[in-house]
Amino acid sequence: FAQSHLPWHRGTCLKSIMSASSNKEGMVRTGTARPFEHEDTEPEPEGPNSQVPADARNALNAGEFGDERPPVRILLLAFMFMFQGYGVMNGNPQHALKEKLQIGHAGFAGSAEFQDATAVFQLFKCLMRIFQISLLVFFQLKGIVYFAYFVMFVAVSVPVVFVWCAGVTDLWVVYLQYSLGGIAIGFFEGTFLSVISSLGKNTKTYVIMGAPLGFAVHNIVLGTVQPLTGMPTVLYYVYTLCCLPVALWIFHVYAPAPAADASGKGCQVFLRSMRKFSEWLPIMVPWLVAKFIGNFVMEDAFPLLFNTFSPPKVPLWLPSDTEPTIPFQYYTADYWFVLMAIGDTVSRRVPHYIGSRFSGSWSGRMWWLLWIFISILLCVGGEALNFLLIPIVTGLAAFISYFGNGLVYGLSAKFIDGHIAKEHQYTAYNLWCFCGDLGGYAGQSSVSVWIAGLTCKGRHYTYVCKAKEALSMSRQTKVTAQNTILM
């Protein structure tokens with residue numbers, strides 16, 4: 001990189017980089033933060049490094065010259081516990097809430113209405129990416145993360161207070177819970193990743209595994225414990241509420257401290273990046289498309305599963321079989337969600353091991369594009385396998401599609417940290433998350449019920465695509481198809 005792209009003598013380049021590295025290590029030893037470390041923008045240096053172009057300084061700060069700092073692994077828990085709040089609104093806990101509210105029964109809301117209510121999570125998450133920019137005028141990035149933890153705590157409390165304690169069965173409870181949850185994650189995800197960027201890529205590659213692990217706790221661990229022990233459904237929520245204060249404490253103690261004069265500068269950084277969009281936005285386009293597709297598939301997977309397979313049993317082989325079968329909760333907790341979690345978790349570490357060929361050269365750019373294409377192909381191909389309605393294949397479909405989604409996540413984080421100038425990384429992360437939210441909103445809405453209707457069309461069996469679910473889905477097919485065209 002330094003030899004082929006930087007317009008100065010190689011000896012000067014190496015001397016400058018070594019000097020910058022020495023200064024950086026000295027600051028770490030003395031406990032002082034670089035003045036630009038948490039402001040998302042780097043001032044022009046003074047002294048011997050003043051002739052080093054910004055691209056080289058940003059590459060150095062992002063770890064492109066062999067940054068192998070030990071990962072701060074405990075921050076994975078701070079990320080994972082927050083995503084348990086996200087996970088408690090999906091999969092088994094969401095299905096349990098749906099049953100508690102008697103969705104689909106006479107006199108109560110239908111499946112499509114319920115999915116539209118849960119989809120406001122993605123809508124508010126998307127809107128918060130924009131709204132948080134204005135908050136940066138008043139708060140530091142860490143303050144926004146603290147606020148996100150608080151809002152998620154309130155969101156998880158909603159069903160406990162109103163559904164299990166007060167006995168409310170109206171759909172407004174779902175709208176309230178999922179709106180607050182979307183606000184929390186919208187504030188949290190991109191901001192958290194920006195705050196920990198200065199800890200290095202090793203920390204970030206561990207931290208992002210917290211997202212699928214948060215989902216796995218509810219849908220694998222507790223999903224298996226519940227049918228074995230008769231665990232009350234409300235404990236999904238109580239457990240999550242207990243973890244959130246611990247997550248906040250971990251973040252407070254182990255996340256890097258902000259610079260003393262960083263307050264209010266995040267908004268300026270965002271606006272400055274948007275004015276200079278030509279420097280970073282064109283090369284982000286493939287990643288924005290991949291993020292949209294990955295999130296669509298990820299958020300569609302849960303409602304698609306629960307609208308095609310349903311309690312009490314799932315056949316092991318063909319959808320028309322009535323023997324042999326497995327209890328639905330064991331199928332989801334010990335097979336489907338296990339493969340989903342493995343695919344989504346392992347794939348996020350893959351870029352760490354294939355990164356040697358990711359460079360700024362022509363061949364490096366082709367290598368990036370190849371992996372983007374592979375990621376999208378895995379997402380779409382995995383989703384398509386669901387149309388076979390074969391339970392064993394459906395689990396493999398979850399592994400493939402979530403492997404693609406995790407690969408998009410890991411590759412994108414690596415690309416942004418290594419190839420987007422530091423002063424534009426905060427904006428790039430939030431725009432990337434914004435596109436993912438749009439895809440997630442489309443995937444989690446009643447469009448998922450429409451897709452399930454297409455999957456089950458003309459095929460209704462004892463345990464797969466039951467006639468009751470098919471009737472509920474067919475009521476919405478025409479309307480949802482029209483909405484899909486509008487979207």
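The values are calculated or read from the model by the stated rules, or taken from the named source; none is laboratory data. For clarity, every value in this text was computed on a predicted model and none was experimentally measured. Here the Cβ positions follow ideal geometry from the backbone for every residue, glycine too, while neighbour counts run over all protein chains shown. All accessible areas refer to the heavy atoms of the entire protein, side chains included, with ligands and DNA or RNA removed. Shrake-Rupley method; radii C 1.70, N 1.55, O 1.52, S 1.80 Å.
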Which one of these does Gly200 not meet: (1) open to solvent by less than 10 Å² (accessible area, probe 1.4 Å); (2) under 29 Å from Ala333 (Cβ atoms)?
-> (2)
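One line per residue, one yes/no per condition, for (1) farther than 22 Å from Ser445 by Cβ; (2) open to solvent by less than 30 Å² (accessible area, probe 1.4 Å):
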{"position": "Phe121", "(1), (2)": "no, yes"}
{"position": "Met128", "(1), (2)": "no, yes"}
{"position": "Lys142", "(1), (2)": "yes, yes"}
{"position": "Cys165", "(1), (2)": "yes, no"}
{"position": "Leu176", "(1), (2)": "no, no"}
{"position": "Leu180", "(1), (2)": "no, no"}
{"position": "Glu189", "(1), (2)": "no, yes"}
{"position": "Phe192", "(1), (2)": "yes, yes"}
Give me the pairs: first residue in the stretch 289-300 and more than 12 Å from Phe403 (Cα to Cα) and among the aromatic types (Phe, Trp, Tyr), second residue open to solvent by 30 Å² or more (accessible area, probe 1.4 Å) and assigned to a helix (DSSP H, G or I), beta-carbon distance under 8 Å, and six or more apart or on different chains, which are they?
-> Phe292/Leu438
Can you spot a residue in the stretch 101-115 that is modelled with pLDDT of 85 or more, within 21 Å of Ile220 (Cβ to Cβ) and either in contact with a Lys or Arg (Cβ under 7 Å, 6 or more places away or on another chain) or surrounded by 22 or more Cβ atoms within 10 Å (Cβ to Cβ) (or both)?
-> no
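Table: residues versus (1) closer than 21 Å to Ile103 by Cβ; (2) in contact with a strand residue (DSSP E or B) (Cβ under 8 Å, 6 or more places away or on another chain); (3) open to solvent by 10 Å² or more (accessible area, probe 1.4 Å); (4) hydrophobic (A, V, I, L, M, F, W, C).
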| residue | (1), (2), (3), (4) |
| --- | --- |
| Leu305 | yes, no, no, yes |
| Phe309 | yes, yes, no, yes |
| Pro315 | no, yes, no, no |
| Pro324 | no, yes, yes, no |
| Gln329 | yes, no, yes, no |
| Leu339 | no, no, yes, yes |
| Val346 | no, no, yes, yes |
Across (1) of a type in the set (A, V, I, L, M); (2) closer than 29 Å to Lys457 by Cβ; (3) open to solvent by 10 Å² or more (accessible area, probe 1.4 Å), Leu281 clears everything bar (2)
With the condition kept exactly as written, say whether any residue in the stretch 225-235 is under 20 Å from the mean Cα position of the chain (by Cα), at pLDDT below 90 and open to solvent by less than 30 Å² (accessible area, probe 1.4 Å).
-> no
Sole exception among (1) more than 16 Å from the chain's Cα centre (by Cα); (2) at pLDDT below 90; (3) open to solvent by 10 Å² or more (accessible area, probe 1.4 Å) for Leu385, by number | (2)
Of all residues in the stretch 434-453 being surrounded by fewer than 24 Cβ atoms within 10 Å (Cβ to Cβ) and under 20 Å from the mean Cα position of the chain (by Cα), the one that is farthest from Cys465 (Cα to Cα) = Phe434
Tell me, which residue of the stretch 459-483 that is modelled with pLDDT of 85 or more and in a loop (DSSP other than H, G, I, E, B) is farthest from Ile326 (Cα to Cα)?
-> Arg459
